[in-house]
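Report on the structure given below.
The values are calculated or read from the model by the stated rules, or taken from the named source; none is laboratory data. Being a predicted model, the structure only gives us computed values, none of them experimental. Note: ideal-geometry Cβ built from the backbone for every residue, glycine included; neighbour counts use all protein chains shown. When the accessible area is computed, the model is the full protein with side chains, heavy atoms only, and any ligands, DNA or RNA have been set aside. Shrake-Rupley method; radii C 1.70, N 1.55, O 1.52, S 1.80 Å.
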Amino acid sequence: MNIGQAATASGVSAKMIRYYESIGLLPAAARTDSGYRVYGEKELHVLRFIRRARKLGFSLERIADLLSLWRDDGRASGDVKRIALAHVAELDDRIRELTEMRDTLARLAHCCHGDDRPDCPILQTLAIDA
C-alpha cells in the first residue's frame with residue numbers, strides 16, 4: 001500500500017510517517033520503480049504501536065526504546081516496566097504542575113473584578129519583576 005493508504009490504515013499522517021522514517025523510528029519503506037513508498041502489515045503494526053505510545057504521552061526517545069524491546073524476544077519485562085513507571089512519574093509531575101497553574105489562575109481570576117476598572121490582579125501578578 002502507498003503512504004496515503006498506510007496513513008489511513010494506521011491513523012498516522014503521511015507527514016508523520018515520513019518523519020518517523022527520517023529519524024529511524026520506522027525503517028525506511030521499500031520503494032516502487034517510480035520511487036513511491038510501499039508499506040505492508042509489518043510497517044502498519046509498527047505505526048499503530050507508535051500511535052498508541054504517543055497517545056500515552058511517551059517521548060519519541062522512549063518509543064524507540066520500547067520498539068527495541070518489543071522487537072527483542074529475549075527482553076526482560078522489567079525493562080519495559082521501568083520505562084513505563086518512569087513515564088508515570090513524569091506524568092504525575094506534569095499533573096502536579098498543571099494543577100498548581102490552574103489553581104493559581106483560578107485564584108487570580110476570582111480576585112479580578114472583571115468590570116470596567118483598569119486594575120487587574122491577573123496583570124499585576126504577571127508583571128511582577130517584569
Checked region 9-38 for anything of a type in the set (S, T, N, Q) and either open to solvent by 30 Å² or more (accessible area, probe 1.4 Å) or in a strand (DSSP E or B) (or both); matches are Ser13, Ser22, Thr32, Ser34
Among all residue pairs at least 6 apart or on different chains, which show Cβ distances below 8 Å where the first residue, located in region 91-106, is surrounded by 10 or more Cβ atoms within 10 Å (Cβ to Cβ) and the second is among the aliphatic types (A, V, I, L, M)? Leu105/Ile122
Of Val46, Val38, the only residue that is hydrophobic (A, V, I, L, M, F, W, C) and in contact with a strand residue (DSSP E or B) (Cβ under 6 Å, 6 or more places away or on another chain) is Val38
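Listed here are the residues, each with its yes/no results for (1) over 30 Å from Leu123 (Cβ atoms); (2) modelled with pLDDT under 95; (3) in contact with a Phe, Trp or Tyr (Cβ under 7 Å, 6 or more places away or on another chain).
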{"position": "Asp33", "(1), (2), (3)": "yes, yes, no"}
{"position": "Phe58", "(1), (2), (3)": "yes, no, no"}
{"position": "Asp92", "(1), (2), (3)": "yes, no, no"}
{"position": "Ala106", "(1), (2), (3)": "no, no, no"}
Would you be able to say whether some residue in region 39-47 is within 26 Å of Arg94 (Cα to Cα) and part of a helix (DSSP H, G or I)? no
Among (1) open to solvent by 100 Å² or more (accessible area, probe 1.4 Å); (2) more than 12 Å from Gly57 (Cβ to Cβ); (3) under 25 Å from the mean Cα position of the chain (by Cα) - the single one Ile83 does not satisfy: (1)
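Identify, from the list Ala6, Ala109, Ala64, Ala53, the residue that is in a helix (DSSP H, G or I), assigned by the TED database to the domain that holds Leu123 and either without any contact (Cβ under 8 Å) to a residue 60 or more places away in the chain or exposed (fewer than 15 other Cβ atoms within 10 Å of the Cβ) (or both). Step through it out loud before you land on a result.
Numbers: Ala6 fails: assigned by the TED database to the domain that holds Leu123; Ala64 fails: assigned by the TED database to the domain that holds Leu123; Ala53 fails: assigned by the TED database to the domain that holds Leu123.
On inspection, the qualifying residue turns out to be Ala109.
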Could you please find all residues in region 112-126 being in a loop (DSSP other than H, G, I, E, B), on the phi < 0 side of the Ramachandran plot and open to solvent by 60 Å² or more (accessible area, probe 1.4 Å)? His113, Asp115, Asp116, Arg117, Pro118, Asp119
Just checking, does region 73-88 include any residue being farther than 30 Å from Met1 by Cβ, part of a helix (DSSP H, G or I), in contact with a Gly (Cβ under 9 Å, 6 or more places away or on another chain) and at pLDDT 95 or above? yes
